[in-house]
Amino acid sequence: MSWTFTFFFNSIFTGAGLAMDAFSASLANGLNEPDMRRRRMFCIAGVFAGFQFLMPLLGWFCVHTLAHFFSAFQKFIPWIALILLCFIGGKMLLDARLGGEAEKECRVCTLATLLMQGVATSIDALSVGFTIASYDALMAFVSCLIIAVVTYGICSAGLFIGRRFGIALADKASVFGGCILIFIGIEIFLTGIL
């Protein structure tokens, strides 16, 4: 593979495709925390971008070193994403059902929740390592960096949109956000097993 227009085009659109789950999770986070500050929004988008950078690079590394172990692990990816996202989404629905002060306290996306969202929405990006297996180390790094930049932009947009509508839908934001995360988990699961 060489440094062609196709390389950059493919990297950008791979990033856009991979970022859709992270966009939905960002939207849910913005809905649940309508008073989120910009600095926090950029940090959250950075976490999603970081995972979208690391996972394909890890997949590329596995192809070049541990391919036989990775192929055995790949069948569990849809299950892991389903469990993590349904857990997070279910917790949001439960917190919304409890209401009152408990809901307000649980609206804030904690670091642990954010890391679980990051893993769950990017775990399918491990398989991108197979598609970039023909790249040398530098090209794989640049491709993953492009994917991360695209993800960062898309997730920032999701947070801004979610925050804007979260103010208008404050009463139903936790329910809607939880449903979005559960739907993402089911979608990743069904796509992975079909």
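Read-outs throughout are calculated quantities, based only on the coordinates presented, and are distinct from any laboratory measurement. The model shown is predicted, which means the values in this text are computed figures rather than measured ones. Here Cβ is always computed from backbone atoms with ideal geometry, including for glycine, and neighbour counts include all displayed protein chains.
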FRET efficiency, L98 to V149 (Cβ-Cβ, R0 30 Å, nearest 0.05) = 0.20
So between L66 and M20, what do we pick up on full extension, going 0.36 nm a residue minus the alpha carbon distance?
-> 13.7 nm
How much FRET efficiency would the formula 1/(1 + (r/R0)^6) give for W79 and S2, where r is the Cβ-Cβ distance and R0 is 45 Å, rounded to 0.05?
-> 0.75
Ranked from highest to lowest mean number of other Cβ atoms within 10 Å per residue, what is the order of the peptides 138-144, 35-41, 21-27, 117-123?
-> 21-27, 117-123, 138-144, 35-41
Taking the Cβ-Cβ separation of L138 and F183 as r and a Förster radius of 30 Å, what is the calculated FRET efficiency to the nearest 0.05?
-> 0.20
Simple SL model, points at 7 angstrom along Cα→Cβ for I12 and A157; separation in nm is 1.3 nm
Residue separation times 0.36 nm, minus the C-alpha to C-alpha distance between V119 and R39: what's the value?
-> 26.6 nm
